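Presented below is the structure to which this report refers.
The values are calculated or read from the model by the stated rules, or taken from the named source; none is laboratory data. Keep in mind that this is a model prediction, so the values were computed, not measured. Cβ: placed from backbone, ideal geometry, glycine included. Neighbour counts: every protein chain shown.
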Amino acid sequence: MKNISLKKLILKRVSKHLEYIAIVGSFKTLLYSDLVNIPNKLFGQNVILYIADPVAYIKALVSLDGSVKKLCPISTLSDKEDLTHLLALGEFDTVVSDLDESDLKIFRQKNLRYCNVIELDTHDKERLNNIKNNTTWLIPTSGTTSRPKLVRHKLASLASSALKSKNYLSENRVWGQFYDFTRFAGYQILFNSLLNGHTVVMSSLYDKISERIQHCSENLVTHISATPTQWRKILMSGIATKIPLKQIVLGGEAADQPILNALRKSFPMARITHTYASTEAGLGISVSDGLAGFPVRFLESSKGSVDLKIRKEKLFLRSSSSALGYNDDTKLKDQQGWIDTGDLVKVEEERFYIIGRTNGIINVGGDKVNPEHIRHLLLKHPNIEQVRIYGKKSPITGMVLAADIQLKTNVNEKVEKNSIKTFVKDKFQQKDQPRIINIVDEILISSTGKLN
Amino acid sequence: MTKTIREIITATFTEVFSDQVDGLSLPELSDKLILLESGLDSMGFAILVSELEERLGFDPFSISDEAFYPSNLGQFISFYEKHKP
């Protein structure tokens, strides 16, 4: 696929069905004919999208891909510190948003121009021009450090799985949205739907889970992709089986056997698939046999456009949909194109399982947490002597972040435990908060100086 | 007198709720209470299950072969009662 914009790609693939419904929002429905008539704007600029309304967000993507130079969509749910960090990673001209200017101080401080999302809708004949940009998409990822990184993609790599579909217009699929559409997994759903003439049912990430499930069931959603933690929540809602699901996809963290079994029981007719992918490596592998882990035969033979290998218990991946690189030019691939996923793998009989991260990063319900970063933050508390951070297995969120804490001498344990809890709530991002805090007598340090 | 599983669960729920939820009052802990509408999020439930494992000495989600995710408090308590070792 050569330099073709999202709008033109939609037009090319769905041209005979422009009367189909593309997007169902909470208050608004868009047809494919609406999408292909959105004007292109902000030619040649480096643009941040910071849009809360999902329908307005999709319209902005269609308007800007192919006209702007760089497009960096950031979730409005992002932590303020992460946002400041992301803004420092690139040079940007404009922020497009549907929020009030008072919510956008952080962008003003960086001297970014403000463009209200409504302005993208206006057809401005004078500005119609033929400048074409092969827009670079900058996708935030939790990366392997304590702060997010920006990964460079092109539409071709983000949409590679969507573009593989043949006979894509023959089936009427309705996708329900549970991922944040500014993340890699979210783009997979979005493009799989929009480039194949399907419908995507969107709800605000601010809505309650029960409202989102209700919205999916009212709009007869047939396909949902979500993390195992989100699926457990969906099942706990008690109303999930009202959704007429034909396809269930799990990704973002390891799918364990109980959640696969529970989904099978609740949706006996649905195909259940779990996937392995990452923002950096792109789309990896998927399997629909209802068993946790992946077949080892995936390691031996090339699986379509994806190669896999295990070296020193680590998973390496080579994929045609992988990212171009990091925005800061940190090395992503080796000379043969292999990406070190940083995921630790265990092989048992004929399956391999993702069991953790080589750098100790803990996956808590799909969010990556760096224990060293948390340990250093906790050591800033005046009465903490030593800390050990670890992930405790959880049947609900996969992992829960836990901290063993050794207090300084002569402090009251009960008083300090409360003071530490307040400290954590005040100073830590939600995903970084240790939720289980154990006060222990001593944390042992090994002869190599490492914590035991 | 030893406390029943129900008493331990409701007491632990109350503690985890006051620890994790700001600005909401504790809902009535009836069997019909929809867990995800109680104010605790899924992380809150992960903490509740971990805390109950400490206090009761077992985690029914790990020891049960039954693939089950309870939606209301009554189902949650029954699941613990049924799988008590």
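The table for this structure:
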| item | result |
| --- | --- |
| Selection from region B:36-53 of residues that are farther than 15 Å from B:Ala11 by Cα and at the interface with another protein chain (Cβ under 7 Å from one of its Cβ atoms) | B:Leu36, B:Glu37, B:Ser42, B:Met43, B:Ala46 |
| All positions within region A:239-297 that are on the phi > 0 side of the Ramachandran plot and surrounded by 19 or more Cβ atoms within 10 Å (Cβ to Cβ) | A:Gly252, A:Gly282, A:Gly293 |
| A:Gly66 being on the phi > 0 side of the Ramachandran plot and outside any helix (DSSP H, G or I) | yes |
| Selected residue (criterion: modelled with the lowest pLDDT) from residues of region A:106-152 that are closer than 30 Å to A:Asn359 by Cα and in a loop (DSSP other than H, G, I, E, B) | A:Thr144 |
| Search result, residues across region A:232-251 that are under 19 Å from the mean Cα position of the chain (by Cα), touching a residue at least 60 places away in the same chain (Cβ under 8 Å) and away from chain B (no Cβ under 14 Å) | A:Gly251 |
| Members of region B:16-35 found to be over 15 Å from B:Asn72 (Cα atoms), within 12 Å of chain A (Cβ to nearest Cβ) and either small (Gly, Ala, Ser) or exposed (fewer than 13 other Cβ atoms within 10 Å of the Cβ) (or both), listed by number | B:Ser18, B:Asp22 |
| Residue in region B:54-69 that is more than 11 Å from every other protein chain (Cβ to nearest Cβ) and not in a helix (DSSP H, G or I) present | yes |
| Index of the failed condition, A:Gly342 passing every other in (1) part of a loop (DSSP other than H, G, I, E, B); (2) away from every other protein chain (no Cβ under 14 Å); (3) surrounded by 16 or more Cβ atoms within 10 Å (Cβ to Cβ) | (1) |
| A:Arg351 being under 30 Å from A:Ile389 (Cα atoms), at pLDDT below 85 and basic (Lys, Arg) | no |
| Test for A:Gly391: is it on the phi > 0 side of the Ramachandran plot and in contact with a helix residue (DSSP H, G or I) (Cβ under 9 Å, 6 or more places away or on another chain) | no |
| Yes/no for A:Leu195 being away from every other protein chain (no Cβ under 13 Å), buried (at least 21 other Cβ atoms within 10 Å of the Cβ) and in contact (Cβ under 8 Å) with a residue 60 or more places away in the chain | yes |
| Within region A:402-439, considering residues that are within 11 Å of another protein chain (Cβ to nearest Cβ) and over 20 Å from A:Lys368 (Cα atoms), the one surrounded by the most Cβ atoms within 10 Å (Cβ to Cβ) | A:Lys421 |
| Residue among A:Ile354, A:Ile443, A:Ile362, A:Ile389 that is touching a residue at least 60 places away in the same chain (Cβ under 8 Å) and either closer than 29 Å to A:Ala281 by Cβ or over 32 Å from the mean Cα position of the chain (by Cα) (or both) | A:Ile354 |
| Residue check, A:Ser225 more than 22 Å from A:Asp34 (Cβ to Cβ) and either more than 15 Å from the chain's Cα centre (by Cα) or more than 14 Å from every other protein chain (Cβ to nearest Cβ) (or both) | yes |
| Every residue from region A:93-103 that is farther than 12 Å from A:Ile48 by Cα and aliphatic (A, V, I, L, M) | A:Leu99 |
| Meets criteria (away from chain B (no Cβ under 14 Å), more than 26 Å from A:Ala323 (Cβ to Cβ) and in contact with a Leu (Cβ under 9 Å, 6 or more places away or on another chain)) for A:Gly176 | yes |
| All positions within region A:230-265 that are in a helix (DSSP H, G or I), within 19 Å of A:Gly186 (Cα to Cα) and of a type in the set (S, T, N, Q) | A:Gln230 |
| Single condition A:Tyr326 does not satisfy, out of (1) over 15 Å from A:Val296 (Cα atoms); (2) in contact with a helix residue (DSSP H, G or I) (Cβ under 8 Å, 6 or more places away or on another chain) | (2) |
| Complete set of residues in region A:44-103 that are surrounded by fewer than 20 Cβ atoms within 10 Å (Cβ to Cβ), hydroxyl-bearing (Ser, Thr, Tyr) and modelled with pLDDT of 95 or more | A:Thr94 |
| Residues satisfying the stated conditions in region A:374-391, i.e. buried (at least 16 other Cβ atoms within 10 Å of the Cβ) and either within 14 Å of chain B (Cβ to nearest Cβ) or farther than 16 Å from A:Ile439 by Cβ (or both) | A:Ile374, A:Leu377, A:Tyr390, A:Gly391 |
